[in-house]
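Presented below is the structure to which this report refers.
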Amino acid sequence: MARSWERMVQRNTQQINKQRKKQGKDTIYASKSPTQNAEVFKGRNIAFPVVLVILGTMFWVVGSIDQAKGNGMLANWLGVVLYYLLAALLFFRRPYLKVEKARLSTIKFNRERGLPAADIEKIALSRGAVVIKHKGKRTKWIFTKLMNRYDTNAMSTRLEAFAKAHNIEVVHE
């Protein structure tokens, strides 16, 4: 019974590791050492949560003015609370740029997106922003100090070293 159990666990582990490999994740028993030469630069969403709080406040004010009718008060309060919850969710979920040995990763549309060094056309560095241009696509990853509170100076120095190691064009603006 013990050997058959071990074989079953081994088969299931192999299947799950194949699925995780297709999804771009580490295997189940991969070592999680922090010294993998990955550096993470975290930012903070401020602008969009502030807009959501303002919208929620506007709906609350309009709903309290229209209190005489009394129709739809539950829907109004539900909308206000949901705006505030969405603002809190976006504020506390911090965006990041992870610089690994041969790959860059960030979170876009609630998924972690990775970009190998071979797919990077150029990196544009300025005082308040870092722009990473993909090869063959019109999309760009933009990390700004104004909108997302990234430490663009530290990002610039690390990305320069990354670009030098992988022969990527660096543009200083």
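The values are calculated or read from the model by the stated rules, or taken from the named source; none is laboratory data. Because the structure is predicted, anything quoted here is derived from the model rather than measured. We place every Cβ from the backbone using ideal geometry, glycine too, and count neighbours over all the protein chains shown. Heads up: the accessible areas ignore ligands, DNA and RNA and are worked out on the full protein's heavy atoms, side chains in. Shrake-Rupley method; radii C 1.70, N 1.55, O 1.52, S 1.80 Å.
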Exercise. Out of (1) touching a Lys or Arg at 6+ places or on another chain (Cβ under 9 Å); (2) on the phi < 0 side of the Ramachandran plot, the odd one out for residue 149 is which?
Worked result: (2)
For this session: Please work out which residue is modelled with the lowest pLDDT, limiting yourself to the range 24-47 and to residues that are open to solvent by 100 Å² or more (accessible area, probe 1.4 Å) and under 30 Å from residue 154 (Cα atoms).
Result: 35
Exercise. Of the residues that make up the range 74-85, is at least one under 18 Å from the mean Cα position of the chain (by Cα), surrounded by 12 or more Cβ atoms within 10 Å (Cβ to Cβ) and not in a strand (DSSP E or B)?
Worked result: no
Problem set entry | The one condition in (1) within 18 Å of the chain's Cα centre (by Cα); (2) over 22 Å from residue 25 (Cβ atoms); (3) among the hydrophobic types (A, V, I, L, M, F, W, C) that residue 115 fails to fulfil | (2)
Exercise. For the range 111-120, which residues satisfy the criterion of being over 25 Å from residue 47 (Cβ atoms) and open to solvent by less than 20 Å² (accessible area, probe 1.4 Å)?
Worked result: 117, 120
Exercise. Quick one: in the range 91-110, which of the residues that are more than 30 Å from residue 51 (Cα to Cα) and buried (at least 17 other Cβ atoms within 10 Å of the Cβ) is farthest from the chain's Cα centre (by Cα)?
Worked result: 103
